[in-house]
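Here's the structure we're looking at; comments come further down.
The values are calculated or read from the model by the stated rules, or taken from the named source; none is laboratory data. Predicted model, so just to flag it, every value in this text is computed and none were measured. FYI the Cβ positions are ideal-geometry reconstructions off the backbone, even for glycines, and counts take in every protein chain you see. These accessible areas exclude ligands, DNA and RNA; they are computed on the full protein's heavy atoms, side chains included. Shrake-Rupley method; radii C 1.70, N 1.55, O 1.52, S 1.80 Å.
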Amino acid sequence: MPCLVSSELKDPALDLPAVKRDGQQLLKAWHLGRAELSILFVDDPAIRVLNRDYRQKDRPTDVLSFPQDGLGELPAGEPRILGDVVISLPTARRQARERHRGLGEELRRLLVHGFLHLLGHDHEEDDEARVMAAEERKLRALLERVHPRPRRG
């Protein structure tokens, strides 16, 4: 289950191996062992451009998802390319401070959120938002059991 993690930023606080473990565990939890997931960390100007170009919202955001193959049937032997999750590290850091969380915990929250968007979840309507929030809680709890992260209070 390939989980590709990279960063356009050099930041010693960014634990890429931990993010990769989380990504692999998410794929495993959804029985997507042959799927490929890509996770990229960028700065606010880079995510702003993506948000503007793909969502027509000219402002930075915390996480964006770019689905590829979806969950439909693929020809036999074809690997599934689930898609890309792009996270703004500066925004994640600000949100972690504001919410009194560690950076690792905030990155995990954003990864789970972006991953669920790749799977087709949304939160535009109240019913969708409730379902997505419940799934986020479930996946974060799973990740916390498998790979606990230090918490900041």
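Among the numbered conditions (1) under 20 Å from residue 2 (Cβ atoms); (2) open to solvent by 70 Å² or more (accessible area, probe 1.4 Å); (3) at pLDDT 95 or above, tell me where residue 94 comes up short.
The number of the failed condition is (1).
Going by the conditions given, is residue 67 under 20 Å from residue 46 (Cα atoms) and either of a type in the set (Lys, Arg) or modelled with pLDDT of 95 or more (or both)? Write out each step before concluding.
Numbers: under 20 Å from residue 46 (Cα atoms): yes; either of a type in the set (Lys, Arg) or modelled with pLDDT of 95 or more (or both): no.
Judged against the criteria, residue 67 is not a match.
Which one of the conditions (1) small (Gly, Ala, Ser); (2) in contact with a strand residue (DSSP E or B) (Cβ under 7 Å, 6 or more places away or on another chain); (3) touching a residue at least 60 places away in the same chain (Cβ under 8 Å) does residue 83 fail to meet, given that it meets all the rest?
Among (1) small (Gly, Ala, Ser); (2) in contact with a strand residue (DSSP E or B) (Cβ under 7 Å, 6 or more places away or on another chain); (3) touching a residue at least 60 places away in the same chain (Cβ under 8 Å), the lone unmet condition for residue 83 is (3).
Could you grab the pairs with beta carbons closer than 8 Å, sequence gap of 6+ or different chains, first residue in region 88-106 and in a strand (DSSP E or B), second one open to solvent by less than 40 Å² (accessible area, probe 1.4 Å) and of a type in the set (S, T, N, Q)?
These pairs meet every condition: 88/61.
Can you find even one residue in region 66-75 that is open to solvent by less than 60 Å² (accessible area, probe 1.4 Å), at negative phi and within 14 Å of the chain's Cα centre (by Cα)? Walk me through how you get there before you give the answer.
First pass over region 66-75, keeping only residues open to solvent by less than 60 Å² (accessible area, probe 1.4 Å): 66, 70, 72, 74.
Still in the running and at negative phi: 66, 72, 74.
Narrowing further to those that are within 14 Å of the chain's Cα centre (by Cα): 66.
Yes, because at least one residue in region 66-75 is open to solvent by less than 60 Å² (accessible area, probe 1.4 Å), at negative phi and within 14 Å of the chain's Cα centre (by Cα).
Counting only residues that are at pLDDT below 95, acidic (Asp, Glu) and either touching a strand residue (DSSP E or B) at 6+ places or on another chain (Cβ under 6 Å) or open to solvent by less than 70 Å² (accessible area, probe 1.4 Å) (or both), how many does region 9-60 have?
2
To keep it simple, each residue is scored yes or no on (1) open to solvent by less than 90 Å² (accessible area, probe 1.4 Å); (2) at pLDDT below 95.
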| residue | (1), (2) |
| --- | --- |
| 90 | yes, no |
| 128 | yes, yes |
| 145 | no, yes |
| 148 | no, yes |
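Could you tell me how many of the residues in region 43-69 are of a type in the set (A, V, I, L, M) and either free of Cβ contacts under 8 Å to residues at least 12 places away in the same chain or touching a Ser or Thr at 6+ places or on another chain (Cβ under 6 Å) (or both)?
The total comes to 2.
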